[in-house]
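Okay, structure first, notes after.
The values are calculated or read from the model by the stated rules, or taken from the named source; none is laboratory data. A quick note: this is a predicted structure, and the numbers were derived from the prediction, not measured. Reconstructed Cβ throughout: ideal geometry from the backbone, glycine too, with neighbour counts over all protein chains shown.
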Amino acid sequence: MSASSSGNNAAKAEKIVGILEGRFGEIPWWPGDTDEVMIGSILTQQTRWENVVRALALLKERGLCSMSAIYTADPQEIEEAVRCTGFYRIKARRLKALAAFVTDTSGGIDLMAGIPTPTLRAGLLGVHGIGEETADSILCYGFSRPSFVVDAYTERIARCAGITTPRSALKPLFESVLEEDSHVYHQTHAHIVEYAKGWCTKKRCEGCRIMALNG
């Protein structure tokens, strides 16, 4: 990629951030403690957030909404609680794998808080069922690390704006134009998701301010 293309992509990413910040301002996003965020990051795979909320409530009712509880729980108990999110057997296995990483490999959540971000990210990516989006969600929302989350909405909006960089490079691209602060990353990702839900999922391309950047 040429230097001019790289600079153009960065300029468009910065404009996306500015447009969405002006539209939404401060919005609440993904509340909950570290345990809940880690569990939610697995449950949200391939389902709607409303289903995740239901599953989290069921896990809380059964005393299973923590990594330590997941670690010792019978897999069938977990499956029953998260059935509403779909792929519940797979997700139960992934939750058990994550709980084992937290407990056996990392020594618990308190000790994980002291692990440098690159090391912790690499460890999370080594857990079965955890890809980059899930790992960055855990880091950003669970541990307040400046690790930007790239999801399908991010890529869609980037393409609509005319950003040509491959998906694998979208994370460093947005991080290059954002203040290195976890809250800024929280809000920018939240803005992208909220905008995409209102425009992209309803195919309201005409009049979209992001599409206007692709000129």
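Among all positions in the stretch 201-213, there is at least one residue which is within 21 Å of the chain's Cα centre (by Cα) and of a type outside the set (A, V, I, L, M). I'd like the residue in the stretch 174-194 that is at pLDDT 95 or above and among the β-branched types (Val, Ile, Thr) and, out of all such residues, is surrounded by the fewest Cβ atoms within 10 Å (Cβ to Cβ). The residue in question is 184.
For the stretch 159-168, what are the residues that are surrounded by fewer than 17 Cβ atoms within 10 Å (Cβ to Cβ) and on the phi < 0 side of the Ramachandran plot? The answer is 159, 164, 166, 167, 168. Scanning the stretch 34-49 for residues that are charged (D, E, K, R) and modelled with pLDDT under 95 yields one hit, 48. Answer yes or no: is there a residue in the stretch 74-94 that is touching a residue at least 40 places away in the same chain (Cβ under 8 Å) and touching a Gly at 6+ places or on another chain (Cβ under 9 Å). For the stretch 74-94, residues touching a residue at least 40 places away in the same chain (Cβ under 8 Å) and touching a Gly at 6+ places or on another chain (Cβ under 9 Å): present. For the stretch 60-74, the criterion of being more than 27 Å from residue 174 (Cα to Cα), modelled with pLDDT of 95 or more, out of contact with any helix residue (DSSP H, G or I) (no Cβ under 9 Å at 6 or more places or on another chain) and not hydrophobic (A, V, I, L, M, F, W, C) is satisfied by at least one residue.
Only one of the listed residues (202, 197, 171) is modelled with pLDDT of 95 or more and on the phi < 0 side of the Ramachandran plot. That residue is 171.
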